[in-house]
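Bear in mind these aren't lab numbers, they're just calculated from the coordinates by the rules spelled out. Since the model is a prediction, treat every value here as computed from it, not as a measurement. Glycine gets a Cβ as well: all are built from the backbone with ideal geometry, and neighbour counts include every protein chain shown.
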Amino acid sequence: MSQPLRSCFAARPLARISHNIVARNGVQSARFLSQTSARWEDSKDGKPDSPKTVPPKPRTESLLESIWGTSLGSSGRSTQPDSMASLSQSMVFQALNKSNIDTSVLSGAPSQATQKKEDELEPYHFHIYAHKHNTHITCTKPNREPIISMSCGNIGFRKSRRGTFDSAYSLTKYVLERLIHTGWPMKIQRLELVLRGFGQGREAAVKVLMSPEGKVLRDKIVRVADSTRIKFAGTRSEKPRRL
């Protein structure tokens, strides 16, 4: 070497010298002194840096399990073999069962709303008004429109004979025959029997309905009511008749 060793090192740049030294010592990478001073002070104690704590991710499987009732794996599929059977026990199907939506039409069953509406409908009415002078029988529709209305005088009884037991019995039989002839018993599904007054015709009409002739309407009776007028004080009664 023609030049001395000191002059050779002085002529080379400082960066190249440091690069050669690092390469000889086998270090893979080097940092500038200004960037490594702070990290060198932190790692003086020789303890390894503690790993950063990562906040846990919200678990979505618990929400899906509460809804579908099945445990989900990492792939998002049900780990149970019979997942469709467990769906029937899930919260979704339980909520559908408790809802007010009528799904009976899908299964072919009769609608619950239709059955409830039929129960709330007013039935047909069979009115029997029996007083001591006459007996009146009226059959009405649920909207109170009359189908037939007759009294003992309409079938030929006159004066005092209109209030007898036989006239009321004949009248009830005649009204039933007229109803059967016009086909109303086939349309009547629910019938209410309304009694009024305490004449002889009251017992006569009930006996006709209890006989084989009244079987057409007797099986359709759902209610028996008494609408006899009861007077509380009111006007003065007429004087009793004297013979």
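Cα-Cα over 19 Å: which of K132/K239; K207/K231; K132/K215? From the list (K132/K239; K207/K231; K132/K215), the Cα-Cα distance tops 19 Å for K207/K231; K132/K215. With r as the distance between the Cβ atoms of L243 and H181 and R0 = 35 Å, compute the FRET efficiency 1/(1 + (r/R0)^6) and round to 0.05. Efficiency, rounded to the nearest 0.05: 0.25. Taking θ as phi - 60° and the Karplus parameters 6.51, -1.76 and 1.60, the scalar couplings of the stretch 121-136 work out to 5, 6, x, 5, 10, 10, 8, 10, 10, 10, 10, 6, 10, 6, 9, 10 Hz in sequence order, x denoting glycine and proline. Please name whichever of P146, G163, Y124 sits farthest to the positive end of the charge dipole of the stretch 123-182, dipole taken about the Cα centre and charges placed at Cβ: Lys and Arg +1, Asp and Glu -1. Of P146, G163, Y124, it is G163.
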